[in-house]
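Enquirer: Below is the structure I would like to discuss, written out as structure tokens.
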Amino acid sequence: MRQGKRFELVVEGPVTPAVLAQARKAAEQLLANPVIEDVVSVTDADAAGA
Amino acid sequence: MSLLDTVDHAAATPDHELPYGELGLKDDEFERICAALGRRPTTCELAMYSVMWSEHCSYKSSKTHLRQFGTKTTDEMREKLLVGIGENAGVVDVGDGWAVTFKVESHNHPSYVEPHQGAATGVGGIVRDILAMGARPVAVMDSLRFGAIDHPDTARVVPGVVAGVGGYGNCLGLPNIGGEVVFDSVYQGNPLVNALCVGTMRHEDIHLANATGEGNLVVLFGSRTGGDGIGGVSVLASETFDGTPGDGGPSKRPAVQVGDPVRREAAHRVLPGALPRRRRRRHPGPRRRRALLRHLRAGLRR
Amino acid sequence: MKIGVVTFPGTLDDRDAARAVVRGGGEAVALWHADADLRGVDAVVLPGGFSYGDYLRAGAIASIAPVMGPVVEAARAGMPVLGICNGFQVLCEAGLLPGALVRNDVRTFVCRDQRLRVEDASTAWTSAFETGQEIVVPLKNGEGGYNADERTLDELEGEGRVVFRYLGGNPNGSRRDIAGVRDASGRVVGLMPHPEHATEPGYGPTEHGGGASGDGTDGLGFFTSVLTALASA
């Protein structure tokens, strides 16, 4: 069994590739601990039609 | 109806129906409130009455037993008794200028409805009372009574209560230094969850829950009111459950407060510095008030 | 010698840690999570508790608290730093020590008098012990399983950087029974068990004969060791 965490970040303005890159950096450096966790996916929820 | 149920509005609309039954007030209690005010209470007043007149706050059914603390206390007991019944917690002199304060309180109905949070906030409540006396909490204990050990509902209640008591204390660094447990079918639907907290302090740090004079500063601080609102004590404490699946106990779960021990720990740290010591002025002046508020804000900020 | 004891919001064992520092012969200096400097201390202890409620992950938010900037900088420059329990988690999250702590494999909180073997008595915090010596200090944690990838574990073993190992059964699923590790310099040490709770006769562990000291004060060696390390520096 695997378990995980899901973070929803709300940003001001449009989700540009730069914003997404920033979110990925936050996920890799703070939100997840690479020793025990993997960042599985960082996506724009609106663009994904969620 | 206007948005605010003001006193004038209440006086002008005597027949407006109020949900006093849902808030745990009986018909005759509601009539007493109306008689005391000379009109129907506003919704805000009703909420306040329902809390203050609840079993939880006024001990309306157990008052006669609790009075024995007053009549059965001997002079020999009083010799070491620094603070007796009526305050947040009792205080006993243990010598060398040190005092120990104890508080034991039940959190039965919330623990039946939502075992984990009910028991956890029971611990939270007594820790608050120890802090309020000016003491530093050092340990917790618990005395538990559950229904028949082989009853399915007992299996629902026990693990949550045990985890709630232990988890809340642990988050505050308070060891659970002992306790006792009994299983008997008489407690089906009415488990008893009694938690005790012990604190230590210097005699001069004892604080009583009273203030005199005008112009005193009132500061409310702690974690924010949760989705449970403030009605939990009135909704739950005066309720009766029979332990059968259809008694509605677990359905009242939203009325149980959710504990926030981490926030409590912050309060724990700011309070001793915020309380004036006895030998200093009891009523802080404006400058000291500003300093106190700064101190509280700094301590609670995250 | 001034030993700083850091208090994050939610830290619980700072009083005991400060008392242990004093019992060891040092001067305890209280450091607050929001401090921008270390107030002239010679060494730092990060005590146990639930820093910032352990929200996100145990020790994660504390590892980027303002006070950790100067702590990390000083540690890299050779200042002795000891992380106990939550403090160990903070040191791992801050990257001063390798690995991470995960939920106990038994899935419950564990509290017991724990036997440990001192695997490395050359560090700034363990010189009062002999390598191979057995000690007993309290252990109390919910997320104490030491974890790292095989390569890191092999490296730690190869470089002799495993400082403590659990004896008498692994209490929390830590890889290779590791209870504590050090950095390459031997100045930064982290462990899950609590030496600061075993520094005063009558208040420390009573099981296993009260440990090597016989009176439950095996933890005192941590706090005398650091003074020796500082005196010889």
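Rule-based calculations on the coordinates, nothing more; no lab input. The model shown is predicted, which means the values in this text are computed figures rather than measured ones. Note that we place each Cβ from the backbone using ideal geometry, even for glycine, and neighbour counts take in every protein chain shown.
Enquirer: Which distance in Å, rounded to a whole number, links the C-alpha centroids of segment B:1-71 and segment C:68-129?
Expert: 56
Enquirer: Rounded to whole Hz and in sequence order, give me ³J(HN,Hα) for segment B:62-71 from the Karplus expression 6.51 cos²θ - 1.76 cosθ + 1.60, θ = phi - 60°, writing x for Gly and Pro.
Expert: Taking θ as phi minus 60°, the curve returns 9, 3, 4, 6, 5, 4, 4, 4, x, 7 Hz for segment B:62-71.
Enquirer: How big is the charge dipole of segment B:119-221 about its Cα centre, in debye rounded to the nearest 20, if each Lys and Arg gets +1 on its Cβ and each Asp and Glu gets -1 on its Cβ? Show your work: numbers first, answer last.
Expert: Working: 5 positive and 9 negative charges, 36 e Å.
That gives a dipole near 180 debye.
Enquirer: Further question: Residues with beta-carbon under 14 Å from that of residue C:165, excluding residue C:165: net charge, scoring Lys, Arg +1 and Asp, Glu -1?
Expert: Values: positive: C:115, C:117, C:161, C:175, C:176, C:182; negative: C:119, C:120, C:134, C:157, C:177.
So the environment of residue C:165 carries a net charge of +1.
Enquirer: Calculate, for residue C:56 and residue C:133, the FRET efficiency according to 1/(1 + (r/R0)^6) with r their C-beta to C-beta distance and R0 56 Å; round to the nearest 0.05. Show your work: numbers first, answer last.
Expert: Numbers: r = 37 Å, r/R0 = 0.66.
Between residue C:56 and residue C:133 the formula returns 0.90.
Enquirer: Rounded to the nearest 0.05, what FRET efficiency do residue C:155 and residue A:5 give with R0 = 35 Å and r taken as the Cβ-Cβ distance? Could you check?
Expert: Values: r = 28 Å, r/R0 = 0.81.
According to the calculation, E is roughly 0.80.
Enquirer: Now for a different question. Is segment C:2-231 rounded, prolate or oblate when judged by the Cα gyration tensor, a ≥ b ≥ c being the square roots of its eigenvalues, rounded requiring a/c under 1.5 and prolate requiring a/b larger than b/c?
Expert: On the way: a/c = 1.28, a/b = 1.10, b/c = 1.17.
Verdict is rounded for segment C:2-231.
Enquirer: What FRET efficiency comes out for residue A:37 versus residue C:39 if R0 is 25 angstrom and r is the Cβ-Cβ distance? Round to the nearest 0.05.
Expert: Working: r = 35 Å, r/R0 = 1.40.
After rounding to 0.05, the efficiency reads 0.10.
Enquirer: For labels at residue B:27 and residue C:22 in the simple 7 Å Cα→Cβ model, what's the distance in nm?
Expert: 6.5
Enquirer: With charges set only on the Cβ (+1 for Lys and Arg, -1 for Asp and Glu), what does the dipole of chain C come to about its Cα centre, in debye to the nearest 20?
Expert: Working: 20 positive and 30 negative charges, 46 e Å.
That gives chain C a dipole magnitude of about 220 debye.
Enquirer: Size of the dipole of the protein assembly as shown about the Cα centre, Lys and Arg at +1 and Asp and Glu at -1 on the beta carbon, nothing else charged, in debye to 20? Write down the numbers at each step before the final one.
Expert: Numbers: 61 positive and 71 negative charges, 386 e Å.
For the protein assembly as shown, the charge dipole is close to 1860 debye.
Enquirer: Using DSSP, restrict attention to beta bridges with both residues in the protein assembly as shown and report what percent are antiparallel, rounded to the nearest 5. Intermediate results must be reported in sequence, preceding the final value.
Expert: On the way: 47 of 70 bridges.
Beta bridges within the protein assembly as shown, antiparallel portion: roughly 65 percent.
Enquirer: Among the chymotrypsin sites (Phe, Trp or Tyr not before Pro) within segment B:20-121, which fall in a DSSP loop and have no more than 15 other Cβ atoms within 10 Å of their own Cβ? The partial results should precede the final answer.
Expert: Values: sites: B:20, B:30, B:49, B:53, B:59, B:69, B:98, B:102, B:112; in loops: B:20, B:53, B:59.
Those that pass, being in a loop and sparsely packed, are B:59.
Enquirer: What is the set of long-range amide H partners of residue C:173 at a cut-off below 5 Å, with H atoms built 1.01 Å from backbone N?
Expert: Sorted by chain and number, the residues that satisfy this are C:105.
Enquirer: Filter the cross-link list C:2/C:140; B:80/B:103; A:5/C:140 down to pairs whose alpha-carbon distance in this structure exceeds 18 Å. Don't skip to the answer; put the middle values down first.
Expert: Details: C:2/C:140 27 Å; B:80/B:103 16 Å; A:5/C:140 26 Å.
In this structure, C:2/C:140; A:5/C:140 exceed 18 Å between Cα atoms.
Enquirer: If you don't mind, there's one more thing I want to ask. Can you tell me which lysines have their Cα less than 22 Å from the Cα of residue B:26? Leave out same-chain residues fewer than eight positions away.
Expert: B:60, B:63, B:252
Enquirer: So, in nm, how far is label residue B:181 from label residue B:156 when the simple model puts each one 7 Å beyond its Cα toward the Cβ?
Expert: 1.8
Enquirer: Please give, to one decimal in nm, the separation of the simple spin-label points placed at residue C:32 and residue B:202, each 7 Å out from Cα toward the Cβ.
Expert: 2.1
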